[in-house]
Amino acid sequence: MFEPDRTWEYSTTDRITFGPGAVTELGAELDSWGVESVLIVTDEGIEDAGIVDAVVRTFSPGMSYELFTAVEPDPSRELFERAGAVATDVDPDAVIGLGGGSSIDVGKVASVLHAHGGEVLEYVAPPIGEGTPVPGPTTPYVAVPTTAGTGSEATSVAVVSLPERKLKVGISDRQLFPELGLVDPTLMTSLPPSVTAASGLDALSHAIEGYTTRRYDAKARPETPAERPDYGGATPLSDVLCRHAIELVSDNLRRAVNNGDDLDAREGMALGSLTAAIGFANAGLGAAHALAYPVAGEHHTPHGLTVALLLPAVMRFNATSAPERYAEIARLMGKHTEGLDRRTAAEKAAEAVDELVADVGLPDGLGAVGVSADELSTFAEEASQLQRLLVGNPRRMDDSDIEAVYLESL
């Protein structure tokens, strides 16, 4: 007999420091932890932009540091393992992930491998990996984002590319929550418009999918609290966070794309990304993310862009299963829904996303990034394996449904 889980819990990064100039507090924070040596995980672009220097200037005179600047977009398992090996060799007191979601994710896993050893696939979720839980706390970890999109500074997930399988997979474990997420919008002003747009739509997709995922009490009660999944379903708290994030992104993304020096818009986007992440990190995501992974694995498209091109079709597919929620999304994004039936109001939400995608200059459909119709059945088979994401989608999907959503998104 089905017994619903009427209990929910909430986990997030131990502490968040947010606001323009927040980066200046990093050195004092590390001193308070007794840290004397750090490994900074980042990419060459962040180093060339002078952002590494801005971070290092906050360190006390006696603080030593090493740089790992080899992070690339869509980091592969091999790159994660290289970072872990460097962390083992350097043996730092703390690890700092500085950059976009890729750098922050690589830093998370480097802190795991430094503390506990093992190989990346041991920790990757089944069926691709073994799903071994992280045995305990990692090396103290600080996440410093330079984009407003992934929200990785507030999640317990790291995304790993498997180029040999043309697939992206995830490591999800509560030990991956950073000890500190330090979010400074001034580090984001040099972000190019195209990256601002794609990362911003990623934040919006987190908020929308976190808000529309199945509720916590639509899932079976676990035998023990330890068996409750990290993605436990939407809760009253995640709903508040995700709704606010939808408004923030909708209100600020166009401005941030059109004028990168608009600090108010950058701050709004940074807060939108953060609140969306805290929301979905506990509630979960859905089909837009599941369907994005095979496409990005094959075509190397940026994650935020891929999700953005799939999100409207996923929303239209899901509308009949969560019409009130999609109607609320439409209202939050500035659409008038008074007097409309629930299905029509929900359609307005997908329209609002379509308009935002167009306004910030992203391509019109998957076909524009090289996806062809003859790939869709293979993508559908691969996406259907990502049940940790699909289980939260408000409407059940089989392979034919997934393929139809891909087709609509071309």
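Only the coordinates and a few stated rules stand behind these numbers; no lab work does. Since the structure is predicted, the reported quantities are computational estimates derived from the model, not experimental observations. Methodologically, a virtual Cβ is constructed for each residue, glycine included, from the backbone with ideal geometry; neighbour enumeration extends over all protein chains shown.
Among the trypsin sites (Lys or Arg not before Pro) in region 340-396, those placed in a DSSP loop whose Cβ has at most 15 other Cβ atoms within 10 Å are Arg396. Karplus-based coupling profile of region 363-370, in residue order and whole Hz: x, 9, x, 5, x, 5, 10, x, with θ = phi - 60° in 6.51 cos²θ - 1.76 cosθ + 1.60 and x standing for Gly or Pro. Computed over the chain, relative contact order equals 16 percent, with contacts defined as Cα pairs under 8 Å that lie 6+ residues apart. In degrees, nearest 10, range 0 to 90: what is the angle between the Cα axis of helix 263-283 and the longest Cα principal axis of the chain? Computed tilt is about 80 degrees. A DSSP coil position with no more than 16 other Cβ atoms inside 10 Å describes the following trypsin sites (Lys or Arg not before Pro) in region 130-187: Arg165.
Counting only Cβ charges, +1 for Lys and Arg and -1 for Asp and Glu, the dipole size of the chain around its Cα centre is about 1200 debye. The string of couplings for region 381-394 from the Karplus curve (6.51, -1.76, 1.60, θ = phi - 60°) is 4, 5, 5, 5, 7, 8, 5, 4, 9, 5, 5, x, 4, x Hz, one whole number per residue in order, with x for Gly and Pro.
Calculated from DSSP H runs of 4 or more alone, at -39500 (n - 2.57) each and per residue, what is the 222 nm mean residue ellipticity of the chain, nearest 500?
-15000 deg cm²/dmol
Seen through its C-alpha gyration tensor, with square-root eigenvalues sorted a ≥ b ≥ c, region 1-114 comes out prolate because a/c lies at 1.5 or above while a/b is bigger than b/c.
Centre-to-centre separation between the Cα atoms of region 161-231 and those of region 336-400: 18 Å.
Listed by chain and number, the lysines whose alpha-carbon sits under 30 Å from that of Lys108, ignoring those within fewer than 8 places in the same chain, are Lys166, Lys168, Lys219. Bridging of Lys348 to lysines at a Cα separation below 18 Å is possible for Lys335, once same-chain residues fewer than 8 apart are set aside. Relative to the dominant Cα principal axis of the chain, helix 342-359 is inclined by about 50°. Antiparallel as a % of all DSSP beta bridges within the chain, to the nearest 5? Of those bridges, close to 25 percent are antiparallel.
To the nearest ten degrees, helix 77-90 and the longest principal axis of the Cα atoms of the chain are 20 degrees apart. P(r) tail for the chain: Cα pairs beyond 39 Å make up 13% of the total. The peptide list 153-164, 302-313, 44-55, 279-290, put in order of mean Cβ contacts within 10 Å with the highest first, becomes 279-290, 302-313, 153-164, 44-55. Other residues with beta-carbon under 13 Å from the beta-carbon of Ala346 carry, at +1 per Lys or Arg and -1 per Asp or Glu, a net charge of +3.
Mean projected area of the Cα convex hull of region 22-183, taken over all directions, amounts to 8.5 nm².
Calculate how many DSSP beta bridges within region 22-183 are antiparallel, expressed in % of all such bridges and rounded to the nearest 5. Mind showing how you got there, number by number?
Working: 7 of 24 bridges.
So the antiparallel bridges in region 22-183 amount to around 30 percent.
Around the Cα centre of region 193-409, unit charges on the Cβ atoms of Lys, Arg, Asp and Glu (plus for the first two, minus for the last two) sum to a dipole of about 720 debye.
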